[in-house]
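Structure first, commentary second.
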Amino acid sequence: MKNMLNLYTLVAVTMLSSCTEKLVMTTPDTSYRARTEVGAMLQDNCPVIAHTYADSTFLLARGVTETDVHVQLVNGKVEHMYFIRIDLDDPGVTVKVGMPYDVDVTSGFQRQTLTEMASWMDAPGKRVVAMVNADFWDVSNGDIRGPIHRNGNVLKDTFIYSEKLYQQALSFMAIDWEGTPIIRDSVEYRPMKKDLKECTGSGVIVLRDGIVPDQTNYPGRDPRTCIGYTDDGILYFLVCDGRSQLWSLGLDYEEMGHIMSALGCSWAVNFDGGGSTELIVRHPSADVFQIRNRPTDGAERPVVNTWTVCVNEP
């Protein structure tokens, strides 16, 4: 009997040692320090980020960089985020609205994947280097929820608001004739309309004049697309994957606001999310369009319009 108890004790100690060793081996490295400018700004300035696990950056074109960041939030949720940083003061960089087949239409709006839209839009002197999905649309009839301006042409100047879709058609994102980005509420669109060269509708404003608003009226965590800007000419695209327990769960609006604020933005706004959340870039060495995030549909979803970064290259 004594020998049997000794055997049980040995087995228990061995199992405990094995479990302890496994736990130590799989514990994430929380001492990691961000290596990129964007990653460091988030790690040092963002109150909703607890740990950074990895970050990397690369140059897409002069004035345009991509940074990918893997973080854990203070609530324990893990997120994979992708940032496009655009220097609007670089003379070769422009930010434009993209539409299917690169055609201006005022009705009968179509949908197209980002890769297809980029291929139609790409041309010498107007090389597409990055693109994200933009406005919401009514899945029942294809109606785009907000206004559309392209190259100064006003293709649509109305908002279609519905209480059933209360997070849509609330605001607009625009580039004025001086190349300055503007995010404002939908009620401010009409008096500013003539000053807007490029424009789409957008949803909840997550950062308003440097302040993160209370967003308790807008619950939910999803894949997100967000655009924000600083007061000194830097525009950021943010795409966050979501709905994947082992990869990325997605963000809520308040978290997005704090993230964009940590990058120095004064204004930031949410665009269509979920399966529509997509980012493509022109691969800097292979010269092909590449989707960077993991869309929840498992493939690119056709969308109604985009925000696109172009550079003046042959």
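The values are calculated or read from the model by the stated rules, or taken from the named source; none is laboratory data. Just so you know, these numbers come straight off a predicted model, no measurement behind them. Every residue, glycine among them, receives a Cβ derived from its backbone with ideal geometry; neighbour counts consider all protein chains shown. These area figures cover heavy atoms from the full protein model, side chains too; ligands, DNA and RNA do not enter into them. Shrake-Rupley method; radii C 1.70, N 1.55, O 1.52, S 1.80 Å.
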Handout entry: Computed [θ] at 222 nm, helices only, for the chain once each DSSP H run of length n ≥ 4 contributes -39500 (n - 2.57)
Key = -5500 deg cm²/dmol
Problem - Cβ-defined net charge surrounding Ile291, 14 Å radius [Lys, Arg +1; Asp, Glu -1] - result: -3
Fill in the blank from the handout: Per GNM of the chain with C-alpha springs under 10 angstrom, the most fluctuating residue out of Ala286, Ala134, Ala174 is Ala286
Handout entry: Virtual spin-label span in nm between Val103 and Glu116, 7 Å along Cα→Cβ
Key = 1.2
Completion exercise
Between the modelled labels at Thr180 and Asn217 (7 Å from Cα along Cα→Cβ) the distance in nm is 2.8
Completion exercise
Note: Asp195 to Val139 extended length (0.36 nm per residue) minus current alpha-carbon separation gives 17.1 nm
Problem - Cut-off 9 Å between beta-carbons: net charge of the residues surrounding Val69, Lys and Arg +1, Asp and Glu -1 - result: -3
Exercise for the section: Mind listing the long-range amide H neighbours of Gly273? Cut-off is under 5 Å, sequence gap 5 or more, other chains count too, H placed in the peptide plane at 1.01 Å from N. Expected result: none
Practice task
Heads up, I need the accessible area for Ser31: 1.4 angstrom probe, whole protein in place, Å², nearest 10.
Solution key: 90
Practice task
For helix 253-262, report the angle its Cα long axis makes with the longest principal axis of the Cα atoms of the chain; keep it between 0 and 90° and round to the nearest 10°.
Solution key: 90
Exercise for the section: Using the structure shown, list the pairs from Lys96/Lys164; Lys126/Lys193; Lys126/Lys156; Lys126/Lys164 with a Cα-Cα distance above 28 Å, or answer none. Expected result: Lys96/Lys164; Lys126/Lys164
Handout entry: Among (1) 41, 21, 19; (2) 50, 23, 14; (3) 27, 25, 18, the entry that matches semi-axes √(5λ) of the Cα gyration tensor in Å as calculated here
Key = (1)
Handout entry: Sulfur and carbon atoms: percent of accessible area, the chain [1.4 Å]
Key = 53
Problem - Residue-level accessible surface for Thr180, protein heavy atoms, 1.4 Å, Å² - result: 70
Exercise for the section: Mind pulling the per residue volume of the convex hull built on the Cα atoms of the range 68-202? Å³ is fine. Expected result: 154
Practice task
Please name whichever of Ile86, Ile148, Ile49 sits farthest to the positive end of the charge dipole of the chain, dipole taken about the Cα centre and charges placed at Cβ: Lys and Arg +1, Asp and Glu -1.
Solution key: Ile49
